[in-house]
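Enquirer: Sending over a structure as structure tokens; questions will come in a sec.
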Amino acid sequence: MVEALRNPRLHGFGTTIFAEMSALAAKTGAVNLGQGFPDTDGPASVAEIAAHCVLEGPNQYPPLPGQPDLRAAVAEHQLRFRNLSWNPDTEVLITAGATEAIAASMFALCDHGDEVVVFEPTYDSYMASIAMAGATAKPVLLAAPDHGLDVEAFHAAITDKTRLILLNTPHNPTGKVFTSDELAVIAAAAVEHDLIVIADEVYEHMVFEGEHIPIARYDGMRDRTISIGSAGKSFSFTGWKVGWLTAAPELRGAVMTAKQFLTFVNAGPLQPAVAAGLRLPDSYFTGMRNDLLAKRNRLQSGLDAAGFDTLTCEGTYFLTVDIRSWAEAHGLPTTSIEFCLALPERAGVVAVPSEVFYQTKEAGRHLARFAFCKQDAVLDDAIARLSSA
Ligand code: PMP
Ligand code: GLN
């Protein structure tokens, strides 16, 4: 589409990198470690409930905030794993994936000219949601290779126009898990400046080092935090697009006002299945985490042996590499977009160029992201291709 046809707020947002790289994988027959989706579906017991509900109902619109039993299950899950107590009737909202929860929060809470502090690299929908809301992003760089929070830069990003802080931990694409000290700094600033925090916690169950600490648990944060989860991530059903958020009643109400005009509701027959997923025993969640940890180790040691410089991955299902030495040794461009476009032809593997997640482009120009939520044989195939390239 011609750029001029688009609302100026959408200028610069073409096709998402995930769709683009998956199309490239399909076209070239390359192993797709680009777009983050598992190649094995989630628990059969959960899928069976969904199948039953499609056949027997409920198949009509669920209530606007989501089916009561799913809202209860979200609250139980938050209490069990996060030690946070939410009223399912007034403080839980079911959404069309985490993506809608993020967009609806932006539309509900931001006015034209408001500023949103984000930590770059940012997940791709963040910048677009902020732009569509007419707000302005104020990025704070998490610099590779450590991705630590630069406290001074964070404080400098807050102005009298700041409305929100958009936090993602565990963090896509870096695999960083924010530490308790970093979260304490963010929470203190939110309280001091009276800001709302949107906490995208879709990878909450995929933590390998350290622990996932919800920022809603810090002093003064419960009633100013919107915490977001996703069945796509927690149960490996990314195509279902069922997400949820928890927030104090007034905040939830504001987001629900925007949400009702985006999708109103979604996924009626899948909602009972997600409720059952949230009530699975602890062993399901630790099992998924341990499986992914083994996959992280498998890919990381394979890429290390193939000559890549891999960065630390504490959580999520993404591993970042510094491409420069490998690219030079193999006669490929050392800039991430050009590298990732050439890699499928050269080595038969698709990765995502991390540069697209950065506003400070040069900070991500040497980085690429590989997804390891794949079957072992697929990971081994990708490693073998890269090793013999
Ligand atoms: N936030 C982050 C950090 C993600 O990686 C993703 C991608 N799955 C989403 C949100 C979107 O989740 P959903 O598919 O539930 O919309
Ligand atoms: N969250 C996934 C990723 O980061 C992809 C989601 C999507 O394709 N929109 O790769």
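Enquirer: Quick one: in segment 1-32, which of the residues that are among the aliphatic types (A, V, I, L, M) and within 15 Å of ligand 1 (Cβ to nearest atom) is surrounded by the fewest Cβ atoms within 10 Å (Cβ to Cβ)?
Expert: Here the residue is A19.
Enquirer: In segment 314-334, how many are more than 24 Å from the chain's Cα centre (by Cα) and either assigned to a helix (DSSP H, G or I) or surrounded by 19 or more Cβ atoms within 10 Å (Cβ to Cβ) (or both)? Explain how you work it out, then say what you get.
Expert: If we filter segment 314-334 for residues that are more than 24 Å from the chain's Cα centre (by Cα), which is where we start, we get 324-334.
Filter again for either assigned to a helix (DSSP H, G or I) or surrounded by 19 or more Cβ atoms within 10 Å (Cβ to Cβ) (or both), leaving 324-329, 332.
Number satisfying all stated conditions: 7.
Enquirer: Turning to a different aspect of this structure: Would you confirm, using the coordinates I've provided, whether A294 is crowded, with 19+ Cβ neighbours inside 10 Å and within 30 Å of E209 (Cα to Cα)?
Expert: Here the answer is no, as A294 does not meet what is asked.
Enquirer: When you check I337 against the structure, is it crowded, with 22+ Cβ neighbours inside 10 Å, away from ligand 2 (no atom under 14 Å from the Cβ) and on the phi < 0 side of the Ramachandran plot, yes or no?
Expert: no
Okay, residues lined up against (1) over 28 Å from V321 (Cα atoms); (2) in contact with a helix residue (DSSP H, G or I) (Cβ under 7 Å, 6 or more places away or on another chain); (3) away from ligand 2 (no atom under 16 Å from the Cβ):
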| residue | (1), (2), (3) |
| --- | --- |
| D160 | yes, no, yes |
| N168 | no, no, no |
| N172 | no, no, no |
| A189 | yes, yes, yes |
| V197 | yes, yes, yes |
| H205 | no, yes, no |
| W244 | yes, yes, yes |
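Enquirer: Mind listing just one residue for me: the one in segment 89-103 that is within 16 Å of the chain's Cα centre (by Cα) and not in a loop (DSSP other than H, G, I, E, B) and, of those, surrounded by the most Cβ atoms within 10 Å (Cβ to Cβ)? Full working, then the answer.
Expert: Step one: of segment 89-103, the residues within 16 Å of the chain's Cα centre (by Cα) are 95-103.
Pick out the ones that are also not in a loop (DSSP other than H, G, I, E, B) and you get 95, 97-103.
On the way: T95: 30, G97: 25, A98: 25, T99: 21, E100: 25, A101: 27, I102: 27, A103: 24.
Only one residue tops the list, namely T95.
Enquirer: If you take the residues in segment 341-389 that are farther than 21 Å from N290 by Cβ, among the aliphatic types (A, V, I, L, M) and within 16 Å of ligand 1 (Cβ to nearest atom), which one is surrounded by the fewest Cβ atoms within 10 Å (Cβ to Cβ)?
Expert: For segment 341-389, the residue satisfying everything is V356.
Yes/no per residue for (1) charged (D, E, K, R); (2) crowded, with 20+ Cβ neighbours inside 10 Å; (3) away from ligand 1 (no atom under 13 Å from the Cβ); (4) under 17 Å from N172 (Cβ atoms):
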site: D219; (1), (2), (3), (4): yes, no, yes, no
site: S227; (1), (2), (3), (4): no, yes, no, yes
site: A247; (1), (2), (3), (4): no, yes, yes, no
site: E250; (1), (2), (3), (4): yes, no, yes, no
site: V255; (1), (2), (3), (4): no, yes, yes, no
site: A258; (1), (2), (3), (4): no, no, yes, no
site: L262; (1), (2), (3), (4): no, no, no, no
site: V265; (1), (2), (3), (4): no, no, yes, no
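Enquirer: Determine, yes or no, whether H212 is surrounded by fewer than 24 Cβ atoms within 10 Å (Cβ to Cβ), within 16 Å of ligand 2 (Cβ to nearest atom) and within 21 Å of the chain's Cα centre (by Cα).
Expert: no
Enquirer: Here's another thing I want to ask about it. What number of residues within segment 48-84 are surrounded by 14 or more Cβ atoms within 10 Å (Cβ to Cβ), polar (S, T, N, Q) and not in a helix (DSSP H, G or I)?
Expert: Qualifying residue count, segment 48-84: 1.
Enquirer: Further question on the same structure: Could you please find all residues in segment 273-313 being outside any helix (DSSP H, G or I) and farther than 20 Å from G175 by Cα?
Expert: Residues satisfying the conditions are R279, L280, P281, A306, G307.
Enquirer: Let me ask another. Out of F208, F235, report the one residue that is more than 11 Å from ligand 1 (Cβ to nearest atom) and either modelled with pLDDT under 95 or closer than 17 Å to T286 by Cα (or both).
Expert: It is F208.
Enquirer: Within segment 32-46, can one find any residue that is modelled with pLDDT of 95 or more, β-branched (V, I, T) and in contact with a Pro (Cβ under 7 Å, 6 or more places away or on another chain)?
Expert: Among the residues of segment 32-46, not one is modelled with pLDDT of 95 or more, β-branched (V, I, T) and in contact with a Pro (Cβ under 7 Å, 6 or more places away or on another chain), which makes the answer no.
Enquirer: Among the numbered criteria (1) assigned to a helix (DSSP H, G or I); (2) within 16 Å of ligand 1 (Cβ to nearest atom); (3) among the small types (G, A, S), which single criterion is violated by A137?
Expert: In the conditions (1) assigned to a helix (DSSP H, G or I); (2) within 16 Å of ligand 1 (Cβ to nearest atom); (3) among the small types (G, A, S), A137 misses (1) alone.
Enquirer: Additional query: Which residues, counting only those in segment 276-299, are within 27 Å of E56 (Cβ to Cβ) and either under 21 Å from the mean Cα position of the chain (by Cα) or among the polar types (S, T, N, Q) (or both)?
Expert: If we filter segment 276-299 for residues that are within 27 Å of E56 (Cβ to Cβ), which is where we start, we get 276-281, 284.
Those that are within 27 Å of E56 (Cβ to Cβ) and either under 21 Å from the mean Cα position of the chain (by Cα) or among the polar types (S, T, N, Q) (or both): G277, L278, Y284.
Enquirer: When the residues of segment 347-389 are filtered to those that are in a strand (DSSP E or B), of a type in the set (V, I, T) and under 20 Å from the mean Cα position of the chain (by Cα), which remaining residue is nearest to D124 (Cα to Cα)?
Expert: Within segment 347-389, the match that is nearest to D124 (Cα to Cα) is V352.
The values are calculated or read from the model by the stated rules, or taken from the named source; none is laboratory data. The structure displayed is predicted, hence computed values, not measured ones. Cβ sites come from the backbone with ideal geometry, for glycine too, and all protein chains shown count toward neighbours.
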